[in-house]
Amino acid sequence: MNIVRFLFFTGLMAAAMSCSGKSGAQQGANADEAADSALMVGAERVDLYAPQLQGKRVALFSNHTGILPDGRHTLDALREAGVDVKVVFSPEHGFRGNADAGEHVSSSIDPATGLPIVSLYGPGHRKAMNETLDSIDAIVNDIQDVGLRFYTYYCTMLELMDAAAERGQDFWVLDRPNPNGMYVDGPILDMQYASGVGRLPIPVVHGLTLAEMMLMANGEGWLPSGKQAQLHVVPCANYTHSTRYDLPVPPSPNLPNMKSIYLYPSLCYFEATPVSLGRGTDKPFQIYGHPKMKNRQFDFTPESRPGATNPPQLGNLCHGVDLSAMDDDEIIERGLDLTYLIDAYNDVKGEKFFTSFFEKLIGRGDIRQMIIDGRSADEIKATWADDVENFKQQRKPYLLYN
């Protein structure tokens with residue numbers, strides 16, 4: 001990252017933080033102090049971005065998570081501030097966030113505004129993106145991430161930033177907190193396994209907000225075009241990486257609560273196995289099980305429901321483990337924990353257990369064999385410890401928050 005760009009971001013962050021300071025009167029009223037210290041997402045800080053978007057043709061990348069505390073969507077805030085939004089881009093799960101994982105989402109029209117919604121997930125999305133961007137001056141991004149390498153929203157954002165870099169368009173990120181931002185864990189992606197669920201050489205739990213990630217991708221030269229985007233960041237106020245942030249709305253259909261979001265780094269690998277992780281139940285990403293698992297005291301049967309119309313083990317009685325009562329602090333302290341995957345493997349391994357999707361999720365080609373060979377979760381975690389520490393040093397220049 002060049003020094004001019006770095007100073008711009010540092011200055012913007014300082015200005016944003018100073019906006020949240022106490023008034024000169026220093027009256028000290030409890031209500032005022034609470035308001036001054038309240039966490040603010042980037043999209044709330046309309047005065048920091050709307051004036052600079054005046055007179056530009058704008059595309060907004062967002063979904064149902066792009067909401068403000070007053071209930072308005074960022075799309076509404078932009079339009080009310082006089083910004084000329086021409087089109088909305090939507091990610092996996094669609095603009096309303098109710099499509100199944102991996103389901104193709106068609107482009108459509110937003111009934112509230114009449115604006116076209118262009119889906120950037122599914123076949124043909126790159127052509128639709130490029131055709132749309134030819135008549136756009138700036139791209140604004142406001143979407144809630146969960147801080148994991150295999151969560152696809154950032155992959156779509158990277159595609160947009162690369163396209164913006166090629167065209168010389170302004171690329172704005174209205175930042176939001178990372179609910180898993182309090183730690184870094186997991187193997188760094190071996191880029192031979194790069195895919196739609198992993199685009200950057202970062203750990204599974206990277207500890208970055210989306211703005212920090214885009215800064216790092218820009219600064220480290222990770223964009224496929226080899227160019228740097230004209231990146232503008234509106235940071236959160238009163239946020240640190242140790243802040244516990246409860247998401248106001250579920251970010252996708254099968255992450256319904258904070259428990260599922262905290263367990264997601266450890267349970268997602270079941271997507272590459274025959275074991276159910278609770279899709280099609282009331283506890284997705286909080287339980288796991290299989291019809292052949294033995295001596296278990298918890299049973300469940302996945303069923304078809306919105307957001308999980310054809311879940312693994314549909315209609316089959318599964319025996320397994322319920323983690324939904326596990327303490328959040330314990331989940332976070334354990335970090336990325338392969339104990340659950342190893343437990344299920346040791347019980348079900350009589351049939352083909354892993355698919356090739358496993359390497360795309362975990363990011364390395366040797367971990368499958370470690371599990372087959374009987375290595376413990378702690379032994380496997382130790383193999384990526386040095387990489388995690390090196391990544392923490394690598395990301396330091398791009399951190400916006402302590």
(message) Can you pull out every residue in the stretch 354-375 that is in a loop (DSSP other than H, G, I, E, B) and either acidic (D, E) or under 16 Å from L277 (Cα atoms) (or both)?
(response) F354, T355, D366, D373
(message) Can you confirm whether A325 is assigned by TED's automatic domain parsing to the domain that holds G278, modelled with pLDDT of 95 or more and over 26 Å from the mean Cα position of the chain (by Cα)?
(response) no
(message) Out of I372, I332, I367, I380, I need the residue that is β-branched (V, I, T) and farther than 19 Å from V204 by Cβ. Which one?
(response) I372
(request) Find all pairs meeting these conditions: Cβ atoms under 8 angstrom apart; at least six residues apart or on different chains; first residue within the stretch 234-246 and touching a residue at least 60 places away in the same chain (Cβ under 8 Å); second residue of a type in the set (D, E) and part of a loop (DSSP other than H, G, I, E, B). (result) V234/D175; P235/D175; C236/D175
(request) Can you run down the residue pairs with Cβ atoms below 8 Å, 6 or more apart or on separate chains, where the first is in the stretch 364-377 and within 13 Å of N346 (Cα to Cα) and free of Cβ contacts under 8 Å to residues at least 60 places away in the same chain and the partner is of a type in the set (V, I, T) and surrounded by fewer than 17 Cβ atoms within 10 Å (Cβ to Cβ)? (result) M370/T383; A377/T339
(request) Check the stretch 333-348 and report whether any residue there is surrounded by fewer than 17 Cβ atoms within 10 Å (Cβ to Cβ) and within 18 Å of Y262 (Cα to Cα). (result) yes
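Any idea which of P224, P251 is touching a Ser or Thr at 6+ places or on another chain (Cβ under 6 Å) and modelled with pLDDT under 95?
P251
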(message) Condition first: in contact (Cβ under 8 Å) with a residue 12 or more places away in the chain and closer than 28 Å to V46 by Cβ. Can you find one or more residues in the stretch 180-191 that meet it?
(response) yes
(request) Name every residue in the stretch 204-227 that is closer than 15 Å to N390 by Cβ and surrounded by fewer than 24 Cβ atoms within 10 Å (Cβ to Cβ), in order of residue number. (result) G207, M216, E220
(request) Out of the residues in the stretch 71-86 that are modelled with pLDDT of 95 or more and outside any helix (DSSP H, G or I), state the one that is nearest to S119 (Cα to Cα). (result) K86
(request) Would you be able to tell me the number of residues in the stretch 123-150 that are surrounded by fewer than 22 Cβ atoms within 10 Å (Cβ to Cβ) and touching a Ser or Thr at 6+ places or on another chain (Cβ under 8 Å)? (result) 2
(message) Test of understanding: among R375, R334, which residue is out of contact with any Leu (no Cβ under 8 Å at 6 or more places or on another chain), under 27 Å from G181 (Cβ atoms) and not aliphatic (A, V, I, L, M)?
(response) R334
(message) Anything in the stretch 293-304 that is modelled with pLDDT of 95 or more and either basic (K, R) or over 11 Å from V321 (Cα atoms) (or both)? List them, or say none.
(response) R296, T301, P302, E303, S304
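Evaluate the following for L400: is it of a type in the set (A, V, I, L, M) and part of a helix (DSSP H, G or I)?
Against the criterion (of a type in the set (A, V, I, L, M) and part of a helix (DSSP H, G or I)), L400 does not qualify.
Here is a list: E330, E351. Which entry is loosely packed, with under 15 Cβ neighbours inside 10 Å, in contact with a Lys or Arg (Cβ under 8 Å, 6 or more places away or on another chain) and either modelled with pLDDT under 95 or not in a loop (DSSP other than H, G, I, E, B) (or both)?
Testing whether each residue is loosely packed, with under 15 Cβ neighbours inside 10 Å, in contact with a Lys or Arg (Cβ under 8 Å, 6 or more places away or on another chain) and either modelled with pLDDT under 95 or not in a loop (DSSP other than H, G, I, E, B) (or both) leaves just E351.
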(request) Could you tell me whether G114 is at positive phi, out of contact with any Cys (no Cβ under 6 Å at 6 or more places or on another chain) and at pLDDT 95 or above? (result) no
(message) Show the residue pairs meeting these rules: Cβ distance below 6 Å; 6+ apart or different chains; first residue within the stretch 198-212 and touching a residue at least 40 places away in the same chain (Cβ under 8 Å); second residue among the basic types (K, R) and in a loop (DSSP other than H, G, I, E, B).
(response) G198/R149; I202/R149; V204/R149
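For the stretch 43-82, which residues satisfy the criterion of being in contact with a strand residue (DSSP E or B) (Cβ under 7 Å, 6 or more places away or on another chain), free of Cβ contacts under 8 Å to residues at least 60 places away in the same chain and under 24 Å from L247 (Cα atoms)?
Correct list: H73, L75.
The values are calculated or read from the model by the stated rules, or taken from the named source; none is laboratory data. Since this is a predicted model, take the numbers as computed values, not measurements. Cβ sites come from the backbone with ideal geometry, for glycine too, and all protein chains shown count toward neighbours.
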